[in-house]
Every structure is written in C-alpha cells, then in structure tokens.
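Peer 1: Quick one: this structure, given as structure tokens, is what I'll be asking you about.
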Amino acid sequence: SATKGDIQAMSVILKFKPDLTMTKSMTKDTILHCYLKQDHQMDVEYLKVLLSPQDEDLDKQMKSIINKKDINGNTALHYAAQRWPQEAVRCFLEAGANIGMKNQFGEVAITQIAPETFEAFLNEFCTQSNNLDVNHDNFQLTFDYTFLAPSNEDLPKNLQHLDPEDPDTMTKLVNEEEKFPLPETEALWHIGQSKEHRHLLKHPVITSFLWLKWLRIRRYFNRNLRFYLLFVYLLTWYIFQNFGGITLVSGGPNETIPAFYYIFIAFALILTGQIGKSTRL
C-alpha cells in the first residue's frame, strides 16, 4: 500500500494502528522513502493521509520518522524536493520536516525548494495572528520555529529516545546543549548562501528567531569584547610608555605620553560607551 499510493487501502491499514517506524534493514528506507522513490503517479492527497494520521499514537510515530535518513543520508524531504510538486514539499514542511539536514554529499533540502513555496510556508503556517486589526492595541503575532528545531537524528544517541511531548525534554536538551551544540541556525546559513533564497532572511519569522538567539549570546559577546578591548588598551599603553621616547616640557625633562595616545584613550572610551549602550538594549 505504501508503494502503490492507494488511499482507501492505507486508510484501512491505519485503523489497525500499524508500526510506522519500521525501516528496511539494507537501505534504511522508511515508509515515506518507499513511497517517494517509486515510479508512480504522484498523489499528494495520499501523502496528506500518510503524514497526518488521525490517531495520536500514529501521529507521534510519523513525527519520529519524518526526518529519518536512508542509506544515502537523504530524508524524505530531500526526495520530495527533488522529484515531487511543490505542494508535496509544503506537506512535509507542515508535518515537521527539517530543512537543514545534510545527506552524505553535504546537500540540504532547502536549496532545492522553490523560494515561493518556502515563503508561503513562513507566511501562512509559521505566522499566526489573533485575528485583530493590525492597529489594535492587543494585536499579536505568533511565530512557529519548529522547522528549525534539530531532529532526533541530530541529537546525541543518549537523547534520541526522548519524547517531544515530555515536559522534561527541553530541560534535558538545554543541559546537553552545553556539551553537544545543536544545529539550529545551520539551515539559515544555507539560505544565505543561495541567491534565490537569501531575501528570506529578512522575513519576520527568521529575523525574530535570530534576535532571540542574539539575546541569549550578546552578554557573552559584549563581555568578550570588553576584555579584548582592555587587553589592547593595556598593551598599547605598555608600548607607548616604554618605547614612546622622552619629550621636554615646561618644568624640566619628563616622560610624557604622545598626543595621539590621548586620542586612543578617547576612542577607547567611546567604544566602551557604545558597548555599554548595546548591553542595556
């Protein structure tokens, strides 16, 4: 049924709650790979039934294999982007397929997805409002960043069994992220490398995500910048003080600091003020 695309047969099979997580031992193909690789009439409606089962347990199973890789490292989204219409790609994006997973050749699916399809996905699926007028005081927008979330395939092996619905999962991931950084922005890097997709980096969904990431790291960035600035300041002071020479001034010979050294101090103070201002933002 998975290879023939029979909607009625698959609907009957799903009622008996089959194990959708089974894979082929040789090729590591999931049920999604099996269907997408076959030479048959492309039926997007069949994909919708397969990707969105009505049963909660089956839905969890489908989410657990949506980003599985075959023997070549390709996910189902890779094959959908290469061979199928853009409507099928949209179905995979809405089902939670990760756009930044690499195959064995280092290719990611996002570069093969039409920019118009991905932009429509960001506009219609990842952006939700509370249906109020944009000029209303209580107007709100909700952004969905799940398409950037690392899949179980990218997690350390001791965390791949975690249930996304478990409230303790996020705590475990945050603790492990200090040891194993998770790829959250790699897909955005690939978007930036593609001329056709580069303009999407200005989309509110992506810019808001980058702003949230900046809020997490800016204190460390500014702290590092302050220490580096202090190091350059002290090093320059040492060089001028010891190798800057001696100048005669009124009152007798005296070791002085050249005039441009004061310019350097003023410049350093301005930089420090700018760093302090950005820290308070």
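Peer 1: Considering every residue within region 143-150, establish whether at least one is modelled with pLDDT of 85 or more, assigned to a helix (DSSP H, G or I) and over 22 Å from K68 (Cα atoms).
Peer 2: If we filter region 143-150 for residues that are modelled with pLDDT of 85 or more, which is where we start, we get 143-145.
Filter once more, keeping what is assigned to a helix (DSSP H, G or I): none.
No, every residue in region 143-150 fails to be modelled with pLDDT of 85 or more, assigned to a helix (DSSP H, G or I) and over 22 Å from K68 (Cα atoms).
Per-residue answers, yes or no, for (1) of a type in the set (K, R); (2) assigned to a helix (DSSP H, G or I); (3) touching an Asp or Glu at 6+ places or on another chain (Cβ under 8 Å); (4) touching a residue at least 12 places away in the same chain (Cβ under 8 Å):
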residue: I13; (1), (2), (3), (4): no, yes, no, yes
residue: D19; (1), (2), (3), (4): no, no, no, yes
residue: D29; (1), (2), (3), (4): no, no, yes, yes
residue: L58; (1), (2), (3), (4): no, yes, no, yes
residue: G73; (1), (2), (3), (4): no, no, no, yes
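Peer 1: Which residues, counting only those in region 203-247, are aliphatic (A, V, I, L, M) and either open to solvent by 50 Å² or more (accessible area, probe 1.4 Å) or not in a helix (DSSP H, G or I) (or both)?
Peer 2: Start the filter on region 203-247 by keeping residues that are aliphatic (A, V, I, L, M), which leaves 205-206, 210, 212, 215, 217, 225, 229-230, 232, 234-235, 239, 246.
Answer for region 203-247, where residues must be aliphatic (A, V, I, L, M) and either open to solvent by 50 Å² or more (accessible area, probe 1.4 Å) or not in a helix (DSSP H, G or I) (or both): L210, L212, L215, I217, L225, L230, L234, L235, I239, I246.
Peer 1: Is it fair to say D70 is touching a Leu at 6+ places or on another chain (Cβ under 9 Å) and charged (D, E, K, R)? Please lay out each step first, then the result.
Peer 2: Details: touching a Leu at 6+ places or on another chain (Cβ under 9 Å): no; charged (D, E, K, R): yes.
Answer is no for this residue.
Peer 1: I would also like to ask the following. Being aliphatic (A, V, I, L, M), in a helix (DSSP H, G or I) and modelled with pLDDT of 90 or more is true for just one of L200, L173, L188. Which residue is that?
Peer 2: On the way: L173 fails: modelled with pLDDT of 90 or more; L188 fails: modelled with pLDDT of 90 or more.
So the residue among L200, L173, L188 that is aliphatic (A, V, I, L, M), in a helix (DSSP H, G or I) and modelled with pLDDT of 90 or more is L200.
Peer 1: Kindly indicate whether H33 is assigned to a helix (DSSP H, G or I), modelled with pLDDT of 85 or more and in contact with an Asp or Glu (Cβ under 6 Å, 6 or more places away or on another chain). Give the derivation first.
Peer 2: Working: assigned to a helix (DSSP H, G or I): yes; modelled with pLDDT of 85 or more: yes; in contact with an Asp or Glu (Cβ under 6 Å, 6 or more places away or on another chain): yes.
Judged against the criteria, H33 is a match.
Residues checked against (1) at pLDDT 85 or above; (2) outside any helix (DSSP H, G or I); (3) in contact with a Pro (Cβ under 9 Å, 6 or more places away or on another chain); (4) surrounded by fewer than 20 Cβ atoms within 10 Å (Cβ to Cβ):
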{"residue": "E94", "(1), (2), (3), (4)": "yes, no, no, yes"}
{"residue": "G100", "(1), (2), (3), (4)": "no, yes, yes, no"}
{"residue": "Q104", "(1), (2), (3), (4)": "yes, yes, no, yes"}
{"residue": "F118", "(1), (2), (3), (4)": "yes, no, no, no"}
{"residue": "L122", "(1), (2), (3), (4)": "yes, no, yes, yes"}
{"residue": "Q128", "(1), (2), (3), (4)": "yes, yes, no, yes"}
{"residue": "D133", "(1), (2), (3), (4)": "no, yes, no, yes"}
{"residue": "H136", "(1), (2), (3), (4)": "no, yes, no, yes"}
{"residue": "F139", "(1), (2), (3), (4)": "no, yes, no, yes"}
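The values are calculated or read from the model by the stated rules, or taken from the named source; none is laboratory data. It should be emphasised that the depicted structure is a prediction, and the values quoted were computed from it without experimental measurement. Virtual Cβ from ideal backbone geometry, glycine too; neighbours counted across all protein chains shown. Areas reflect the complete protein model, heavy atoms only, side chains present, ligands, DNA and RNA absent. Shrake-Rupley method; radii C 1.70, N 1.55, O 1.52, S 1.80 Å.
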